[in-house]
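Participant: My questions will all concern the structure given below.
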Amino acid sequence: MAVDLAPELLEILACPNCHGPLAVDHERDELVCQTPDCGLAYPVRDGIPVLLVDEARRPGAGPVGTDA
């Protein structure tokens, strides 16, 4: 499912971890923090961004709260 967020919404959303800007990764259906020191990726499920740090993943890894 493609991430289809209104540009106005994307402008006001921020990373809950560092408050940096988010960008859409259409290939993975995620919102990715653009701050280099953070870089967390948040899933978008059924068109709804899940902006919970426990649900986020670091690029190249599983969710933050797991050992995956």
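Participant: For residues that are modelled with pLDDT under 95 and hydrophobic (A, V, I, L, M, F, W, C), scanning just region 39-59, find the one that is most open to solvent (accessible area, probe 1.4 Å).
Facilitator: That would be Ile48.
Participant: All but one of (1) open to solvent by 90 Å² or more (accessible area, probe 1.4 Å); (2) among the hydrophobic types (A, V, I, L, M, F, W, C); (3) modelled with pLDDT of 90 or more hold for Ala14, so report the exception by its number.
Facilitator: (1)
Participant: Additional query: Taking the condition of being aliphatic (A, V, I, L, M), without any contact (Cβ under 8 Å) to a residue 24 or more places away in the chain and outside any strand (DSSP E or B), how many residues in region 1-58 meet it?
Facilitator: 5
The values are calculated or read from the model by the stated rules, or taken from the named source; none is laboratory data. Small disclaimer: the values here were computed from a predicted structure and weren't measured. Methodologically, a virtual Cβ is constructed for each residue, glycine included, from the backbone with ideal geometry; neighbour enumeration extends over all protein chains shown. Each accessible area value is taken on the protein alone, full model and side chains, heavy atoms only, with ligands, DNA and RNA left out. Shrake-Rupley method; radii C 1.70, N 1.55, O 1.52, S 1.80 Å.
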